[in-house]
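**Q** What follows is a single structure, and I will ask about it in a moment.
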Amino acid sequence: MRTLLNHSAINAMPDSPAVAYEPTCHPGTRNAVAGHIMDWARDHKAHPILWLSGPAGGGKSCIQRTILQSCNAEGLLVACFFFSIKQPETNNQTRFVTTLAAQLVENIPGVKRYINRAIQSDGRVFTRPLESQAEGIFKPLEEMYNSMLNRLTRHFWRTLAALVAYQEDPDTPWTWANVIVIDGLDECVDQQEQPPRVRNPDRFSSAPLSDDTFILRLEEYEADDDLRLFLKAGFSRLKSDHPASASIPADWPSTEDENALIAKASRQFVYVSVVMKHLAKTRRNPTLELQHIVGYQPSASVVKNNPFAELDALYERILHPPDIDTSLLKSILHSIIHNKPMGSRLPVDNLDMLLGLGPGTTASTLVDLHSVLNFNSLTRRRPTFHHKSLVDFLMSHSRARDLYQSNDQTHSQLTVAYFNLGRQLQDRSRVSWDLVMLTMSHACSVDDWSLFEREFRKKKPSQPSLTGSPDPSPNPQTSSRLLVG
């Protein structure tokens, strides 16, 4: 079990802080779709796979976390994996199979012996591709499932559990743990940033998986009433908690303003969520900000060509606060997207140090962006985005415009940043290999190598050292050099 846990993504499991403290559906919302999913979960004769399909920002992850809690409470949950761009171990498929296997061992009696046997028989199973891992670890479970003894044992425990539940509540359906919840396939990217097999949800709607898949389309469910309930609760909380609450009218916002926000949201919960976080900021007047948001009207052609026009306008306003250095903000935001530290030994959570900025520059630049970023200047935790829709916005030239930066430019910028950090830490051999790997990882992601020359020319001959004193002239016998070939 310890070996499995060492190769698992703990932050993808149901009892991890990364999952347990993330938002679920607001009380009273999404009852219809959640009810249909739970009906499927309780029915052992239903399709073995349920695919919850829907547009970005529709609230699928909140629904999945709500279902996770319900299945856990009813004893239906076996395992889960929540992909997320917020954590290095959950934004790729490397630990997907082993994380599920660890939970199967923990939650299903008799599984441990078979999975341990599979691991012991192949010492390289943890380094193999996803399909080979699944074949090697899960294939022996067929032997267990087909075993006559285990059939009898399984039947006995199911019957006993059902009888106990029936005595406690005669209306309780006869169920057993058999649900695996997987969320965030669109947030799964491999190290080469190409979509791996596990990320392709279209496979569920085509043969051979289509015959075994029940598809729920989120866009077919009414959302306006749920959005209104969410907004009313948010505005009620804002009017009592905001520093300017004494000046907020009791009848604010108007029904017309609520209707306008719901129309702009177009069933996207992420829109109203970002609006409420933005209005709650203590540095802004919420009534005036709401007027600006409601008053924006994109042209019909823009809406036709971009279904996220209203969300883009909201991000555009939030990311352009007064006196912002747009070029600096762009560099920081894209560094957050692409910078993936490979261990805790490197002081790279401090973006000021990594990007060669003055102390406190990142904090002062991001101070007005808490509605879209998880960022605490008092800790060393890397800033993360509240929702992947902002990453999609920043990665699109037509949508982000002056905040867009190409992947090549960002990777070349980070290559030079890690190279310069390596010069500062050249006397600390324990981190040198990690720095080489990080430098080369970003360098290998650049197609246009002329960008390296431009980035190096931007850097001054001397960089500030970790102590704040100028970096001495490099000794030709000891200084680090970057060779890309």
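**Q** Sort out which residues of region 410-424 are closer than 13 Å to Met353 by Cα and among the β-branched types (Val, Ile, Thr), and write them in order of number.
**A** Selection gives Val416 alone.
**Q** I need the full set of residues from region 229-278 which are under 24 Å from Glu316 (Cα atoms), open to solvent by less than 70 Å² (accessible area, probe 1.4 Å) and of a type in the set (D, E, K, R), in order please.
**A** Asp257, Glu258, Lys264
**Q** If you go through region 69-104 one residue at a time, how many are farther than 25 Å from Phe375 by Cβ and open to solvent by 10 Å² or more (accessible area, probe 1.4 Å)?
**A** Qualifying residue count for the region: 13.
**Q** Among the residues of region 348-372, count how many are closer than 24 Å to Ala313 by Cα and acidic (Asp, Glu).
**A** 1
**Q** If I go through region 383-419 residue by residue, how many of them are over 23 Å from Glu316 (Cβ atoms) and surrounded by fewer than 21 Cβ atoms within 10 Å (Cβ to Cβ)?
**A** The total comes to 1.
**Q** Does region 234-242 contain any residue that is outside any helix (DSSP H, G or I) and under 26 Å from the mean Cα position of the chain (by Cα)?
**A** Of all residues in region 234-242, those outside any helix (DSSP H, G or I) come to 242.
Still in the list and also under 26 Å from the mean Cα position of the chain (by Cα): none.
Within region 234-242 (the criterion being outside any helix (DSSP H, G or I) and under 26 Å from the mean Cα position of the chain (by Cα)), the answer is no, since none of the residues qualifies.
**Q** Moving on. Within region 5-36, count every residue that is open to solvent by less than 40 Å² (accessible area, probe 1.4 Å) and either more than 23 Å from the chain's Cα centre (by Cα) or without any contact (Cβ under 8 Å) to a residue 24 or more places away in the chain (or both). Steps first, answer last, please.
**A** Kept after step one, since they are open to solvent by less than 40 Å² (accessible area, probe 1.4 Å), are these residues of region 5-36: 8-9, 12-14, 16, 18-19, 25, 29-30, 33-35.
Narrowing the set further to residues that are either more than 23 Å from the chain's Cα centre (by Cα) or without any contact (Cβ under 8 Å) to a residue 24 or more places away in the chain (or both) leaves 16, 35.
Residues meeting the conditions: 2.
**Q** Cβ-Cβ under 7 Å, sequence separation 6+ or interchain: first residue in region 79-97 and among the β-branched types (Val, Ile, Thr), partner assigned to a loop (DSSP other than H, G, I, E, B). Which pairs?
**A** Ile85/Asn91; Thr90/Ala9; Thr90/Phe83; Thr90/Ser84
**Q** For region 105-117, enumerate the residues that are open to solvent by less than 50 Å² (accessible area, probe 1.4 Å) and among the hydrophobic types (A, V, I, L, M, F, W, C).
**A** Correct list: Val105, Val111, Ile115.
**Q** Restricting to region 8-42, give me the number of residues that are farther than 20 Å from Ile215 by Cα and part of a helix (DSSP H, G or I).
**A** Here the count works out to 7.
**Q** Select from region 304-341 the residues that are open to solvent by 70 Å² or more (accessible area, probe 1.4 Å), over 27 Å from Ser441 (Cα atoms) and over 25 Å from the mean Cα position of the chain (by Cα) and list them in ascending order.
**A** Once the filter is applied, which keeps residues that are open to solvent by 70 Å² or more (accessible area, probe 1.4 Å), over 27 Å from Ser441 (Cα atoms) and over 25 Å from the mean Cα position of the chain (by Cα), region 304-341 yields Lys304, Asn305, Pro322, Asp323, Asp325.
**Q** Could you name every one of the helices (runs of 4 or more DSSP H) located completely within region 68-146 that has at least 2 residues being within 18 Å of Asn6 (Cβ to Cβ) and not charged (D, E, K, R)?
**A** Per the criteria, 96-107, 111-121, 130-138.
**Q** Let me ask you something else. Considering each of Ser462, Ser479, Ser432 in turn, give the residue that is in contact with a strand residue (DSSP E or B) (Cβ under 7 Å, 6 or more places away or on another chain), over 28 Å from Ile324 (Cβ atoms) and at pLDDT below 65. Reasoning before the result, please.
**A** Numbers: Ser479 fails: in contact with a strand residue (DSSP E or B) (Cβ under 7 Å, 6 or more places away or on another chain); Ser432 fails: in contact with a strand residue (DSSP E or B) (Cβ under 7 Å, 6 or more places away or on another chain).
On inspection, the qualifying residue turns out to be Ser462.
**Q** Go through region 313-354 and give me each residue that's on the phi > 0 side of the Ramachandran plot and at pLDDT 85 or above. I'd like the intermediate steps shown before the answer.
**A** Step one: of region 313-354, the residues on the phi > 0 side of the Ramachandran plot are 323, 343.
Residue satisfying the conditions is Asp323 alone.
**Q** If you don't mind, another one. Leu421 - would you say it is over 30 Å from Gly58 (Cα atoms), in a helix (DSSP H, G or I) and modelled with pLDDT under 75?
**A** Spelling it out, it is not the case that Leu421 is over 30 Å from Gly58 (Cα atoms), in a helix (DSSP H, G or I) and modelled with pLDDT under 75.
**Q** Suppose we keep only residues that are open to solvent by 20 Å² or more (accessible area, probe 1.4 Å) and closer than 14 Å to Lys86 by Cβ within region 358-375. Which one would you say is modelled with the highest pLDDT?
**A** Asn374
**Q** OK, next. Within the bounds of region 286-301, is there any residue that is surrounded by 21 or more Cβ atoms within 10 Å (Cβ to Cβ), touching a residue at least 40 places away in the same chain (Cβ under 8 Å) and under 22 Å from Ile63 (Cβ atoms)?
**A** No, that holds for no residue.
The values are calculated or read from the model by the stated rules, or taken from the named source; none is laboratory data. Small disclaimer: the values here were computed from a predicted structure and weren't measured. Backbone-built Cβ (ideal geometry, glycine too); neighbour counts: all protein chains shown. When the accessible area is computed, the model is the full protein with side chains, heavy atoms only, and any ligands, DNA or RNA have been set aside. Shrake-Rupley method; radii C 1.70, N 1.55, O 1.52, S 1.80 Å.
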